[in-house]
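What follows is one structure encoded as structure tokens, with my remarks underneath.
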Amino acid sequence: MDAKAQKLNLKREVGLVGAVSLIGGTMIGSGIFMSPQTVLSTIGSPGASLVVWASGGLLVILASFCYAELGTVIRESGGEYVYIYRTFGPIPAFMLIFSSVLFVRPAGIAGIALSFAQYVVAPFYQDCTAPVALVKCVAAAAILVLAVVNCLNVRFSMSVQVFFMVAKVLALAVIIIGGVVMLIRGNTKSFEDSFENTNVGINAIGIAFYQGLWSYDGWNNLNYVTEELKRPEVNLPRAVVIAISLVTTLYLLVNVSYLTVMTPRELMSSTAVAVTWGNKVLGSWGWIMSLAAALSAFGSLNGTFFSGGRVCFVAAREGHMPDILSMAHVHRLTPSPALIFTTVVSLIVLIPGDFQSIVNYFSFTAWFFYAITLSGLIYLKIKKPELPRPYNVPIIIPILVLIAAIFLVLAPIVDSPQIEYLYVTLFIISGVIVYIPFIHYKVCPGILNKLTVFLQLFLEVAPADKNL
């Protein structure tokens, strides 16, 4: 077992198709079926909402170019965590992993699972609101199913991702074609005086971007699994360009279709915009949109779950989480302890969570750490220009994205302060309080070692090496 443990690592089984599906399949999730009405109601006009969607896509493309360079310079899994660790040291990295493992990632999983559940139960409660308890039970069931899938086999979870990626692109294509048909018939009322009543307040713009960028979340997923990607120096930049360009184009066309079929007022009052669109365009076949939205959210949930477990796994490998979470199954070569831990925390977050608050606080925290990560890239470009860079972006790009990230973090706080943002900030900072005794001084009860040995035998897992 000892000899086998020393050689154990996660295999490179994610090719270009799987990489594109992991990015695109995670991005195209519940957001495009749930966020358009919130973006429109927050920003106030159809024209401005399309600007928000286009700007969000542009911002994500530029940010992903920066991450592509980071992923080819620091060729380790873990995304922001490992980039911050290598550039700014262990304490900022631990603050990230503390908030990520206990809040950001589970909140993302819970938010997507809730939206999946809402679309699954929507056809059964057409005339009333579905019971909250039922929605949360369905969401919990989805999380548990995907936990099993991801623990069993990497190839199988990638096959699931590719299948749902194809299904959701076809669903969006149906919406786009339906919108084109309605445009040809002359349904253009929503685009007359399209910028009238636009809200130009800083808070309105910030919240609209939060909701829009929620739909783009997942653009950085491939950086979490770099060690499982075949030829990362080639496939990482290629997958990023293909997936994000495709998703941005689809999102813009889908929003145009929504506004072609529905008036702005109808869109803003809809609780499930894709279902409303389906009822108007497809008639008795409108239920197909509920199915499409549910499949889309399920595929996105799988991608988020796949990458979320890897963050926990890498942090444990660096000593920032219990050792058991850095182990992989000796036969299946999946980081099953980290995936199980992510499942448990996600189910806990699911209990009190609601969709809108999860989106806002998830986005606030995520862009806070994106800003730190981009600062690290700028630092590497200035201080360590000699590092080999298979992929290189002009320094102006990370600077522009950093400015946008700072705006997204500060705008809602400055324009409309809420006590919840203070709570989130204090929660992030509290990571330092945990780090000093438990990580730096290793104040750890001996029972944890006994528990690690028991779980290692029970789960059939062993320590995994880096796959560089």
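Here PHE191 and ASN9 are evaluated by their C-beta separation; at R0 = 41 Å the FRET efficiency comes out at 0.15.
In terms of accessible area, using a 1.4 Å probe and ignoring ligands and nucleic acids, TYR391, TYR67, TYR423 rank largest first as TYR423, TYR391, TYR67. Over the Cα atoms of the chain, the radius of gyration divided by the Kirkwood radius equals 0.97; this is the Rg/Rh ratio. A Förster radius of 41 Å combined with the Cβ-Cβ distance from HIS331 to VAL241 puts the calculated FRET efficiency at roughly 0.70.
Which peptide among 52-58, 450-456 comes first, and what is the full order, when sorted by highest mean count of other Cβ atoms within 10 Å? Don't jump to the answer; show the numbers that get you there.
Working: 52-58: 20.1, 450-456: 14.0.
Order by mean packing, descending: 52-58, 450-456.
Summarising the label geometry, the points placed 7 Å from Cα in the beta-carbon direction at ASN449 and ILE419 lie 4.5 nm from one another.
Each principal axis of the Cα atoms in region 270-309 has its own extent, and those three values, largest first, are 41, 18, 9 angstrom. Using the structure shown, select from LYS230/LYS442; LYS136/LYS230; LYS230/LYS384; LYS136/LYS189; LYS384/LYS466; LYS11/LYS383 the pairs with a Cα to Cα distance greater than 29 angstrom. Violating the 29 Å limit, Cα to Cα: LYS230/LYS442; LYS136/LYS230; LYS136/LYS189; LYS11/LYS383. The mean sequence distance of close C-alpha pairs (under 8 Å, at least 6 residues apart), as a share of the length of the chain, puts its relative contact order at 35 percent.
With the whole protein complex present, ARG231 retains an accessible surface near 140 Å², based on a 1.4 Å probe. For the pair GLU233 and LEU457, label points projected 7 Å from Cα toward Cβ lie 4.5 nm apart. A simple packing score, the average count of other Cβ atoms within 10 Å per residue, orders the peptides 366-373, 207-214 as 207-214, 366-373, with the highest score first. In the chain, the calculated helix contribution to ellipticity at 222 nm averages -23500 deg cm²/dmol per residue, counting -39,500 (n - 2.57) for every DSSP H run with n ≥ 4.
The values are calculated or read from the model by the stated rules, or taken from the named source; none is laboratory data. Because the structure is predicted, anything quoted here is derived from the model rather than measured. Backbone-built Cβ (ideal geometry, glycine too); neighbour counts: all protein chains shown. Just the protein is used for accessible areas: all its heavy atoms, side chains included, with ligands, DNA and RNA removed. Shrake-Rupley method; radii C 1.70, N 1.55, O 1.52, S 1.80 Å.
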